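For reference, the structure is listed below as C-alpha cells.
The values are calculated or read from the model by the stated rules, or taken from the named source; none is laboratory data. Predicted model only: the values in this text are computed from it and were never measured. Note: ideal-geometry Cβ built from the backbone for every residue, glycine included; neighbour counts use all protein chains shown.
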Amino acid sequence: SGLINDKDKIIEYSTTIKREAIRMDTMVEEILKLSSLEDIDENEMPLEKLNVAEIIKEAVEVLDYKLYEKKIITNVDVHDVYIESVHEDILRVFTNLIENGIKYNKDNGKIYISLRKVKNKAVITIKDTGIGIKEEDLPHIFERFYRVDKSRNRKVEGTGLGLSIVKRIVMKYKGEISVKSTYNVGTEFIIKFDAVTK
C-alpha cells in the first residue's frame, strides 16, 4: 500500500510474511491430519503390503537437500521387511522423525537408521547426534504443540505437531513407539510394527 519505501525493508518484511504464511499453512495441514487420525474406521482403511526398507529410502531421498544443507551424514542399514499399512502414513512417520533428526542436529552430525525383523516385528530405529532431550521433557514430546527446550530452539521452525502425528499413525496400525535421549548427545526413536510375509 506504499507505507514502506525502503527496498531492503520491503524484501525483509515480505520474506517474513511468506515464512509465516508457510508456517501457518503447515500447521493447518497438520491439525487436519491429526483430526483425521482421531476419527479412524479400521474397516474403511485400504491397507497395502509395503516394504518398509523402500519407504525409509524414499524418506531419506525426500529430505536429501536438508541433509546436504547441514552436511549431515546418514547411515542407512535396512533389510526388506513388510507390513500392512498405507504408504502415505508410513512415509510421514519416517520423514517427520528424520526431519527432526536434521533440525535438532549439529552441522556435520549423523543420523543412523536401521530396520530389522525381530521375531514377528518390523523394528525401526532412527538415532541422531543432536542436542538431545532433557529428561523432564521426554514424557511430553508426543503432546500437541509441545516444543522441547523452547528458549534454545526458538530459531528452529516447527509447529510442535510432528511427533503427535507420528504417534497417532503408529497407534493407527497398532504399533509401538518409544524414545531414548541423552541431553547434548542425541536422541533415538524405536518403532515396532507387526511384520507380514512378502
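A quick yes/no check of all residues on (1) assigned to a strand (DSSP E or B); (2) touching a helix residue (DSSP H, G or I) at 6+ places or on another chain (Cβ under 6 Å); (3) modelled with pLDDT under 95:
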residue: N43; (1), (2), (3): no, no, yes
residue: P46; (1), (2), (3): no, no, yes
residue: E54; (1), (2), (3): no, no, no
residue: K57; (1), (2), (3): no, no, no
residue: E61; (1), (2), (3): no, no, yes
residue: K66; (1), (2), (3): no, yes, yes
residue: N75; (1), (2), (3): yes, no, no
residue: D80; (1), (2), (3): no, yes, no
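Checking each residue in the stretch 137-177 for being loosely packed, with under 12 Cβ neighbours inside 10 Å and at pLDDT 90 or above picks out only K174. Quick check: anything in the stretch 107-128 touching an Asp or Glu at 6+ places or on another chain (Cβ under 9 Å), at pLDDT below 95, under 13 Å from V60 (Cβ atoms) and not acidic (D, E)? Checked against the condition, which is being touching an Asp or Glu at 6+ places or on another chain (Cβ under 9 Å), at pLDDT below 95, under 13 Å from V60 (Cβ atoms) and not acidic (D, E), the stretch 107-128 yields no hits at all. Of the residues making up the stretch 41-92, just one is basic (K, R) and touching a strand residue (DSSP E or B) at 6+ places or on another chain (Cβ under 6 Å), namely K49. Selection within the stretch 94-125: residues that are closer than 22 Å to T197 by Cβ, among the aliphatic types (A, V, I, L, M) and under 17 Å from the mean Cα position of the chain (by Cα). The member of this set that is surrounded by the fewest Cβ atoms within 10 Å (Cβ to Cβ) is V123. Scanning the stretch 70-92 turns up at least one residue that is within 15 Å of the chain's Cα centre (by Cα), within 15 Å of I191 (Cβ to Cβ) and among the hydrophobic types (A, V, I, L, M, F, W, C). The number of residues in the stretch 89-107 being farther than 14 Å from Y65 by Cα and part of a loop (DSSP other than H, G, I, E, B) comes to 3.
The set of residues from the stretch 188-198 being within 18 Å of Y112 (Cβ to Cβ) and at pLDDT below 95 is empty.
Scanning the stretch 164-198 for residues that are basic (K, R), free of Cβ contacts under 8 Å to residues at least 60 places away in the same chain and closer than 16 Å to T95 by Cα yields one hit, K167. Assess whether E54 counts as being over 26 Å from I133 (Cα atoms), surrounded by fewer than 19 Cβ atoms within 10 Å (Cβ to Cβ) and in contact with a Ser or Thr (Cβ under 9 Å, 6 or more places away or on another chain). Answer is no for this residue.
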